[in-house]
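Note sheet for the following structure.
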Amino acid sequence: MSFALVGHRGAMAEAPENSLASYRAAEEIGVAEVETDVRISADGQLFMLHDATLDRVAADPAGEGLGEVAGLPWSVIGAVDIGGGERVPTLQQMYAATTRTIQLEIKALEAINALADYLRDHPGDARRTILTSFSVAAMNRVSDLLPDIPRGVIVSAWTDALDHDGGPEGLIKETGSVRVHSGWDGLTADVVSELHDVGLPVHAWPCRDRADLHNALELGVDGTTCDDPRTALGWLADESVIRAESGRD
């Protein structure tokens, strides 16, 4: 069975999300890809953080209430404990801690120019990267600056793609996507089959329980993003046995 389990922000069920410990756990577990988020500080440091502020991930009250990270210097961001003594890693530290394909979600348009410079200067990192975003503007910008790095648009639900001007075909063409990352709502086996027919792999998200994994396999998607990839690998092994025994694999 060819199916990609993707570690969401590393292996966030086992270590603070988007931390070096989380990325290392995902590598040890054996995920196919690591999904993570990139932003930029006020003084130009690229770093890994999902939210626009540190409030949710800060392990100490001193890291809360600092405001949006886009307005903070790296010296402040990098000093915040995000759990277990972990600190927010830089983009370069993330790549150094991983060997897998990186699903790099662009969270801030202002990070794109510096990101393009970094990936041009680090071709080895660029070769194992797929750039992703919910933002059509972000996808357009990286297509201009980094045309050789694959891109995959993200939608919270397939219904969002249907609502896009020009529909799913327009969204995929406008973003230059070579893969689609879709939430569950509106995603059907027929939709997945149609995307496969035009050469587009499909990843569904999020996978938070065994039912989600089963649904992903039933839909025929190519991968899914998991908070707890270690447990999900067990579910996948069980599903593989069941499908082999029933002649469905």
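Things worth noting here:
- Residues (in a helix (DSSP H, G or I) and open to solvent by 30 Å² or more (accessible area, probe 1.4 Å)) located in region 83-113: Gln92, Gln93, Ala96, Leu109, Glu110, Asn113
- Condition met for Asp212 (in contact with a Phe, Trp or Tyr (Cβ under 7 Å, 6 or more places away or on another chain), closer than 28 Å to Met12 by Cβ and in contact (Cβ under 8 Å) with a residue 12 or more places away in the chain): no
- Which numbered condition His50 fails, given (1) in a loop (DSSP other than H, G, I, E, B); (2) under 13 Å from the mean Cα position of the chain (by Cα); (3) closer than 15 Å to Cys226 by Cα: (3)
- Filtered residues of region 216-240 (kept if closer than 10 Å to Ile29 by Cβ and aliphatic (A, V, I, L, M)): Ala232, Leu233
- Single unsatisfied condition, Arg120 versus (1) of a type outside the set (Asp, Glu); (2) within 15 Å of Gly44 (Cβ to Cβ); (3) open to solvent by 60 Å² or more (accessible area, probe 1.4 Å): (2)
- Residues considered: Leu195, Leu200. Of these, the only one that is surrounded by 14 or more Cβ atoms within 10 Å (Cβ to Cβ), assigned to a loop (DSSP other than H, G, I, E, B) and modelled with pLDDT of 95 or more is Leu200.
- Members of region 163-190 found to be open to solvent by 30 Å² or more (accessible area, probe 1.4 Å) and more than 20 Å from Ala137 (Cβ to Cβ), listed by number: Trp184, Asp185, Gly186, Thr188, Ala189, Asp190
- Residue count for region 59-81 under the criterion of being farther than 26 Å from Ser135 by Cα, open to solvent by less than 20 Å² (accessible area, probe 1.4 Å) and among the hydrophobic types (A, V, I, L, M, F, W, C): the result is 1.
- Odd one out for Arg39, checked against (1) open to solvent by 10 Å² or more (accessible area, probe 1.4 Å); (2) farther than 23 Å from Thr98 by Cα: (2)
- Residues (assigned to a helix (DSSP H, G or I) and open to solvent by 30 Å² or more (accessible area, probe 1.4 Å)) located in region 217-239: Glu218, Arg230, Thr231, Leu233, Gly234, Trp235, Ala237, Asp238
- Some residue of region 24-34 being assigned to a strand (DSSP E or B), more than 26 Å from Asp209 (Cβ to Cβ) and open to solvent by less than 20 Å² (accessible area, probe 1.4 Å): no
- Single residue of region 142-162 satisfying the filter (outside any helix (DSSP H, G or I) and more than 11 Å from Thr132 (Cα to Cα)) that is most open to solvent (accessible area, probe 1.4 Å): Asp148
- Close pairs (6 angstrom Cβ cut-off, 6 or more residues apart or separate chains): over 15 Å from Ile172 (Cβ atoms) in region 186-198, part of a helix (DSSP H, G or I) and open to solvent by 50 Å² or more (accessible area, probe 1.4 Å) anywhere: Gly186/Thr159
The values are calculated or read from the model by the stated rules, or taken from the named source; none is laboratory data. If you're wondering where the values come from, they're calculated on a predicted model, not measured in any experiment. Note that we place each Cβ from the backbone using ideal geometry, even for glycine, and neighbour counts take in every protein chain shown. Please note that ligands, DNA and RNA were not included when accessible areas were found on the heavy atoms of the full protein model with its side chains. Shrake-Rupley method; radii C 1.70, N 1.55, O 1.52, S 1.80 Å.
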